[in-house]
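Chemist: Pasting a structure here, questions to come.
The values are calculated or read from the model by the stated rules, or taken from the named source; none is laboratory data. Everything numeric here is computed off the predicted structure, so don't read it as measured data. A quick note on method: Cβ atoms are made from the backbone with ideal geometry, for glycine too, and the neighbour counts reach across all protein chains shown.
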Amino acid sequence: MESYPIKEARKRLGDMHTAVVHCQAHPRITKNGRDPVVLITEQEWQELQRLRREDAARQGDQEMNRIKPYLDAGQTPPGYEVYTGEQVASGDWLA
């Protein structure tokens with residue numbers, strides 16, 4: 001993967017766009033040699049977002065399966081806390 005400082009990337013943006021769209025290249029752009037970003041197509045971005053949503057849903061399902069037995073038994077699952085409506089309204093739960 002080619003890497004360009006942001007100053008050079010500004011000059012080569014048209015070429016970089018062409019490389020991403022037509023050559024499946026993914027040039028990296030850095031600022032002061034740090035904080036790299038990678039150029040990808042809109043289609044790749046949409047696929048990444050879909051995968052992130054699927055992963056978040058899968059993690060949510062796993063967590064639900066983990067805590068369901070506790071909830072069914074009327075217990076507070078490990079790692080969770082229960083607050084009364086009064087505590088929430090007063091802000092005591094924030095302390």
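Chemist: Select from the stretch 11-70 the residues that are part of a loop (DSSP other than H, G, I, E, B) and not polar (S, T, N, Q) and write down the one among them that is surrounded by the fewest Cβ atoms within 10 Å (Cβ to Cβ).
Modeler: So, considering only residues that are part of a loop (DSSP other than H, G, I, E, B) and not polar (S, T, N, Q), the one surrounded by the fewest Cβ atoms within 10 Å (Cβ to Cβ) is Gly33.
Chemist: Let me ask something else. Of the residues in the stretch 30-71, how many are in contact with a strand residue (DSSP E or B) (Cβ under 6 Å, 6 or more places away or on another chain) and more than 24 Å from His17 (Cα to Cα)?
Modeler: Here the count works out to 0.
Chemist: Right, something else. I need every pair where a residue in the stretch 80-92 that is under 25 Å from Ile67 (Cα atoms) has its Cβ under 8 Å from the Cβ of a residue that is surrounded by 10 or more Cβ atoms within 10 Å (Cβ to Cβ) and among the β-branched types (Val, Ile, Thr), sequence separation at least 6 or different chains.
Modeler: Correct list of pairs: Tyr80/Ile67; Val82/Thr76.
Chemist: Let me ask you something else. Is it true that some residue in the stretch 10-31 is polar (S, T, N, Q) and more than 21 Å from the chain's Cα centre (by Cα)?
Modeler: Yes: the stretch 10-31 contains one or more residues that are polar (S, T, N, Q) and more than 21 Å from the chain's Cα centre (by Cα).
Chemist: Looking only at the stretch 54-78, count how many residues are under 23 Å from the mean Cα position of the chain (by Cα) and either aliphatic (A, V, I, L, M) or at pLDDT below 95 (or both).
Modeler: The qualifying residues number 3.
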